[in-house]
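Please read the structure below before turning to the comments.
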Amino acid sequence: MNVLKYCFFFLLLACFTAGRAQDPYAWWKEKHQWDGVTHWSRYLIIAPAFMGPNALPVPELNQGRVSNELSFEVRGDLHLGIGDRTQNLYTRLYVPLARNRVGVELFYVPVEWYRLSEATRDARRARDFEARGTAAGDVYFGTTIQAIREQNKHGLPSLSLGLYAKTASGTHLHNARFTDTPGYYFDGQVGKKWALNGREDAAFRLYGMIGFYVWQTYSGTFFQNDAFSFGLGTQLELGPLQFTQDLAGYIGYIDNGDKPLVYRFMATYRRQWLSYRLRYQWGLHDFSYHSFSAGLIFHFVPAFLDQ
């Protein structure tokens, strides 16, 4: 009888172990008290405070200008967050279509490498027990129109209008890296430039932005989040050197970590067809990352605009 008891005990233990081995997410279901019915995506919080650094980035400021240069930017980013260490490549292509009037652009994070701590994994409700890996980002594309061209120092500032869309191409939603949902944003940006002491190679520029940012969620209560976006910045030009800093963010209405605010600083060294750029971004609210970047920008004026 004792032999039968031991055999029965080991049989139950083997069945229990096999059952857990067949369900790699058993730990997640227990940790987050899964109700057995709701899809796991409904447990995620689709907001910048609970996603990777490239999931819902704060829009860039173009200083109210439409460039005549065709440009391609490639850079490497290092994001150091609370319990999240991420490295990624970033690419951006800008193509002018009409001189001083219209341009289109596309930007994309082709690959990011990430690693989450246990505490951050659980706070974001990520699905993998070892929350690390390689993900691909969303494709953004859009157009900018020059509504008002900048005049002399006593005249009107420049004004640009932009409209951009986000695809649902990002991967690793299960680890809260990208949203796997569409979105869009549009904005108006203004800028004004003043020469310093009459010098042609030195200038100061003040610029700002207001807009609207929308993205889809998986929530059964709020199907999308609508946010007011804003930004303010300055640029100092000293010959081939440019020093830019701005404060930007957006304010969502759900109030679930959807109010990111960031400070950015960029130093750019421009040459005839190649520029070098160093960049730092500090997340001040709902974006817990310090981001460091280094990149190259290839640029030239196309022949059809070089007139």
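The values are calculated or read from the model by the stated rules, or taken from the named source; none is laboratory data. Source: prediction; values computed, not measured. Glycine also receives a Cβ, built like all others from the backbone with ideal geometry; neighbour counts cover every protein chain displayed.
One line per residue, one yes/no per condition, for (1) under 16 Å from the mean Cα position of the chain (by Cα); (2) part of a loop (DSSP other than H, G, I, E, B):
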residue: Thr234; (1), (2): no, no
residue: Asp258; (1), (2): yes, yes
residue: Tyr263; (1), (2): yes, no
residue: Gln272; (1), (2): no, yes
residue: Ser275; (1), (2): no, no
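Looking only at the range 261-285, which residues are farther than 19 Å from Arg85 by Cβ and either crowded, with 18+ Cβ neighbours inside 10 Å or aliphatic (A, V, I, L, M) (or both)?
First, pick out the residues of the range 261-285 that are farther than 19 Å from Arg85 by Cβ: 261, 263-278, 284-285.
Within the range 261-285, Leu261, Arg264, Met266, Ala267, Thr268, Leu274, Ser275, Arg277, Leu278, Leu284 qualify.
Of the residues Ser41, Ser67, the single one that is at pLDDT below 95, of a type in the set (S, T, N, Q), more than 21 Å from the chain's Cα centre (by Cα) and surrounded by 16 or more Cβ atoms within 10 Å (Cβ to Cβ) is Ser67. For the range 218-232, residues that are part of a loop (DSSP other than H, G, I, E, B) and either without any contact (Cβ under 8 Å) to a residue 24 or more places away in the chain or more than 30 Å from Thr181 (Cα to Cα) (or both) total 2.
Out of Gly252, Gly283, I need the residue that is closer than 17 Å to Pro57 by Cα, modelled with pLDDT of 95 or more and either in contact with an Asp or Glu (Cβ under 7 Å, 6 or more places away or on another chain) or of a type in the set (Asp, Glu) (or both). Which one?
On the way: Gly283 fails: either in contact with an Asp or Glu (Cβ under 7 Å, 6 or more places away or on another chain) or of a type in the set (Asp, Glu) (or both).
Of Gly252, Gly283, the one residue that is closer than 17 Å to Pro57 by Cα, modelled with pLDDT of 95 or more and either in contact with an Asp or Glu (Cβ under 7 Å, 6 or more places away or on another chain) or of a type in the set (Asp, Glu) (or both) is Gly252.
Among the conditions (1) within 13 Å of the chain's Cα centre (by Cα); (2) assigned to a strand (DSSP E or B), Ala55 misses just one, which is (2). Per the listing Leu89, Leu78, the residue uniquely within 18 Å of Phe287 (Cα to Cα) and either assigned to a strand (DSSP E or B) or touching a Leu at 6+ places or on another chain (Cβ under 8 Å) (or both) is Leu78. Restricting attention to the range 230-257, the residues that are touching a Pro at 6+ places or on another chain (Cβ under 9 Å) and more than 30 Å from Trp40 (Cα to Cα) total 2.
From the list Asp180, Asp246, exactly one residue is within 20 Å of Pro57 (Cβ to Cβ), of a type in the set (Asp, Glu) and not in a strand (DSSP E or B). Which is it?
On the way: Asp246 fails: not in a strand (DSSP E or B).
Testing whether each residue is within 20 Å of Pro57 (Cβ to Cβ), of a type in the set (Asp, Glu) and not in a strand (DSSP E or B) leaves just Asp180.
Within the range 241-252, residues that are touching a residue at least 24 places away in the same chain (Cβ under 8 Å) and more than 17 Å from Asp286 (Cβ to Cβ) have Cβ atoms under 8 Å from residues that are hydroxyl-bearing (Ser, Thr, Tyr) and surrounded by 20 or more Cβ atoms within 10 Å (Cβ to Cβ) in these pairs: Asp246/Tyr207, counting only partners at least 6 apart in sequence or on another chain.
Selection of first residues in the range 46-75 that are of a type in the set (Phe, Trp, Tyr) and of second residues that are assigned to a loop (DSSP other than H, G, I, E, B), restricted to Cβ pairs under 6 Å at least 6 apart or on distinct chains, gives the following pairs, ordered by first then second residue: Phe50/Gly257.
What's the number of the condition Glu150 fails, among (1) farther than 25 Å from Lys192 by Cβ; (2) touching a strand residue (DSSP E or B) at 6+ places or on another chain (Cβ under 8 Å); (3) acidic (Asp, Glu)? Among (1) farther than 25 Å from Lys192 by Cβ; (2) touching a strand residue (DSSP E or B) at 6+ places or on another chain (Cβ under 8 Å); (3) acidic (Asp, Glu), the lone unmet condition for Glu150 is (1).
A quick yes/no check of all residues on (1) within 17 Å of Ser291 (Cβ to Cβ); (2) basic (Lys, Arg):
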| site | (1), (2) |
| --- | --- |
| Glu237 | no, no |
| Leu241 | no, no |
| Gln245 | yes, no |
| Met266 | yes, no |
| Arg270 | no, yes |
| Leu274 | no, no |
